[in-house]
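Colleague: A single structure is presented below for examination.
The values are calculated or read from the model by the stated rules, or taken from the named source; none is laboratory data. Keep in mind that this is a model prediction, so the values were computed, not measured. For neighbour counting, all protein chains shown are included, and Cβ atoms are generated from backbone atoms with ideal geometry for every residue, glycine included.
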Amino acid sequence: RPALSMHAMDGLVLEEVPLNTIADALGTPTWVMSAGTLRARYQRLATAFRATGRPVSIHFAVKANDHLAVLRVLAAQGAGADVVSGGELQRALMAGIPAARIVFSGVGKTMPEMQAALRAGIAQINVESAEELELLSTVAQAEGLEAPVALRINPDVDAGTHAKITTGLATNKFGIPYNRAVDLYAHAATLPGIRPVGLAMHIGSQIVRMQPYRTAYARLADLVRAIRARGLHIEALDCGGGLGISYRDETEGAPEALAAAIHGELGGLGTRLAIEPGRWLAGPAGLLLSTVILRKRGYEGMPPFLVLDAAMNDLMRPSLYDAWHGIIPLSARDAVAPAEQVHVVGPVCESGDTFGHDRTLPHMDAGARLALLDCGAYGMVMSSTYNARPLAAQVMVDGGHWAVIRERQAITELWAADSIPPWVDETLL
Ligand code: LLP
């Protein structure tokens, strides 16, 4: 993590900003995104593909982090967007990503969402079923517009990742069954309002081995040849996202290896190529600052609990996927304290509100601050206000600068949209 360093005086520093400065000013829990890391990772990815002689369009998967400032930083690097809802489409447009660089994925787009996408004139709609294709044809005709469509194929390949984030198996809800793809493509070409331009796939997330990609892309290549053999036109391939990062001791998925897999399996087909990375770009660029509320003794012989002021409502990944996030102290003094085993938990009333069991950490007492690492993707976006906990503040650091990019939610906002029907009080009488 090149942007993070520990200094004797300042403690943990991200880019050039001491994280204690941010925590002093805003309190915790607070999310911090590093703009420099986002740019560096985007450039490494783009360079890896450029080196194959066949550049790809990089459509950032907005679901990983939909903050306007994050989208703007990536847009300035040349990124497009992969969106999965009308809300994400609007966010991408608001952030300044041109419609011509936006692709709409997702297994259940509503008619208003299709309408919005067509009116905005986005590059491509990834259709996931025959049923959706019919619906899109109807909407496009009503709008008097033509939808550029890629069919998302389910290649029936095991991505070798967590079951909840695997998407390319026959048993998953995603994509069109492989053996129906060519017929549906031919059918699409006959539908009014539909212009089939290509195929798409996405086999899952946090993938660190290249073999599943290779297998899936080889199947995609077979489909391209079969489609062309039917005399049909195909010009675009969307290779999905999913490249994994190193949360613990995994080897991070290498962009160069992904570029080689895509180039090797699909490069000779003469189509435009695109990818939809989310986690790989944004994950390592973000962290979550938290403070130890108290240190609680457990049963005799058991590790103590460090109860944090961050919880599962902020960072849901550990409770949802048993995900491992690195935890490090913010102060240099804490960082060199003798190590011990602890359970790191949040204050929410569920046992699943645990950030790490049996972690070896330097001794930290109440008031000590720490950072949960690799939270830039699927962190803030998955937060809730469970237990009436307001959404945490967000900060962006960039070189020596930092700025609040989202205020901590005010407690009163939690019930601002609630209303009590008048008869509730009447029945009390
Ligand atoms: N394209 C499509 C169609 C997707 O469904 C996804 C992610 C991506 C691209 C981006 O995948 P990435 O490059 O970020 O792996 N909340 C889970 C991850 C869910 C991923 C859903 N789809 C987590 O925290 O691990």
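Colleague: For the stretch 158-185, give me each residue that is modelled with pLDDT of 90 or more, touching a helix residue (DSSP H, G or I) at 6+ places or on another chain (Cβ under 8 Å) and not hydroxyl-bearing (Ser, Thr, Tyr).
Modeller: Hits for the stretch 158-185 are 176, 180, 181, 182, 184.
Colleague: Taking into account only those residues within the stretch 193-232 that are small (Gly, Ala, Ser), under 18 Å from residue 163 (Cα atoms) and not in a loop (DSSP other than H, G, I, E, B), which is farthest from the chain's Cα centre (by Cα)?
Modeller: Going through the qualifying residues, I end up with 216.
Colleague: For the stretch 261-270, state whether one or more residues are in a loop (DSSP other than H, G, I, E, B), out of contact with any strand residue (DSSP E or B) (no Cβ under 8 Å at 6 or more places or on another chain) and of a type outside the set (Asp, Glu).
Modeller: Checking the stretch 261-270: at least one residue is in a loop (DSSP other than H, G, I, E, B), out of contact with any strand residue (DSSP E or B) (no Cβ under 8 Å at 6 or more places or on another chain) and of a type outside the set (Asp, Glu).
Colleague: Look at residue 346 and say whether it is within 16 Å of the ligand (Cβ to nearest atom) and within 28 Å of residue 15 (Cα to Cα).
Modeller: It is false that residue 346 is within 16 Å of the ligand (Cβ to nearest atom) and within 28 Å of residue 15 (Cα to Cα).
Colleague: In this structure, is residue 269 within 15 Å of the ligand (Cβ to nearest atom) and touching a residue at least 24 places away in the same chain (Cβ under 8 Å)?
Modeller: Criteria not met by residue 269.
Colleague: Name every residue in the stretch 92-109 that is more than 15 Å from the ligand (Cβ to nearest atom) and either touching a Phe, Trp or Tyr at 6+ places or on another chain (Cβ under 6 Å) or more than 15 Å from residue 147 (Cα to Cα) (or both), in order of residue number.
Modeller: 93, 94, 95, 96, 97, 98
Colleague: Can you tell me how many residues within the stretch 87-105 are in contact with a strand residue (DSSP E or B) (Cβ under 9 Å, 6 or more places away or on another chain), farther than 24 Å from residue 190 by Cβ and of a type in the set (Gly, Ala, Ser)?
Modeller: Going through the stretch 87-105 one residue at a time, the tally reaches 3.
Colleague: Quick check on my filter: what residues within the stretch 156-166 are surrounded by fewer than 22 Cβ atoms within 10 Å (Cβ to Cβ), touching a residue at least 12 places away in the same chain (Cβ under 8 Å) and on the phi < 0 side of the Ramachandran plot?
Modeller: If the condition is that a residue be surrounded by fewer than 22 Cβ atoms within 10 Å (Cβ to Cβ), touching a residue at least 12 places away in the same chain (Cβ under 8 Å) and on the phi < 0 side of the Ramachandran plot, then 158, 161, 162, 164, 165 are the ones that fit.
Colleague: Quick check on my filter: what residues within the stretch 42-83 are under 29 Å from residue 264 (Cα atoms), within 14 Å of the ligand (Cβ to nearest atom) and not aliphatic (A, V, I, L, M)?
Modeller: Hits for the stretch 42-83 are 42, 57, 59, 60, 63, 80, 82.
Colleague: Here is a further query. Let me confirm something: among 254, 274, which residue is within 18 Å of the chain's Cα centre (by Cα), surrounded by fewer than 21 Cβ atoms within 10 Å (Cβ to Cβ) and closer than 17 Å to residue 52 by Cβ?
Modeller: 254
Colleague: Is at least one residue of the stretch 299-314 buried (at least 18 other Cβ atoms within 10 Å of the Cβ), within 16 Å of the ligand (Cβ to nearest atom) and free of Cβ contacts under 8 Å to residues at least 40 places away in the same chain?
Modeller: no
Colleague: To continue, here is another question. Which pairs turn up if I take residues in the stretch 1-21 that are among the charged types (D, E, K, R) and look for partners that are outside any loop (DSSP other than H, G, I, E, B) with beta carbon separation below 6 Å, at least 6 apart in sequence or on another chain?
Modeller: These pairs meet every condition: 10/18; 15/34; 15/36; 15/397.
Colleague: If you don't mind, there's one more thing I want to ask. Anything in the stretch 126-149 that is more than 16 Å from the ligand (Cβ to nearest atom) and either of a type in the set (A, V, I, L, M, F, W, C) or surrounded by 16 or more Cβ atoms within 10 Å (Cβ to Cβ) (or both)? List them, or say none.
Modeller: If the condition is that a residue be more than 16 Å from the ligand (Cβ to nearest atom) and either of a type in the set (A, V, I, L, M, F, W, C) or surrounded by 16 or more Cβ atoms within 10 Å (Cβ to Cβ) (or both), then 130, 133, 135, 136, 137, 139, 140, 142, 145, 147, 148 are the ones that fit.
Colleague: Considering only residues that are touching a Gly at 6+ places or on another chain (Cβ under 8 Å) and without any contact (Cβ under 8 Å) to a residue 60 or more places away in the chain, which ones fall in the stretch 343-381?
Modeller: Result: 343, 344, 353, 354, 355.
Colleague: Would you be able to tell me the number of residues in the stretch 23-45 that are under 21 Å from residue 347 (Cα atoms) and among the small types (Gly, Ala, Ser)?
Modeller: Matching residues across the stretch 23-45 total 2.
Colleague: Limited to the stretch 172-216, what total is found for residues that are within 15 Å of the ligand (Cβ to nearest atom) and aromatic (Phe, Trp, Tyr)?
Modeller: Result for the stretch 172-216: 2.
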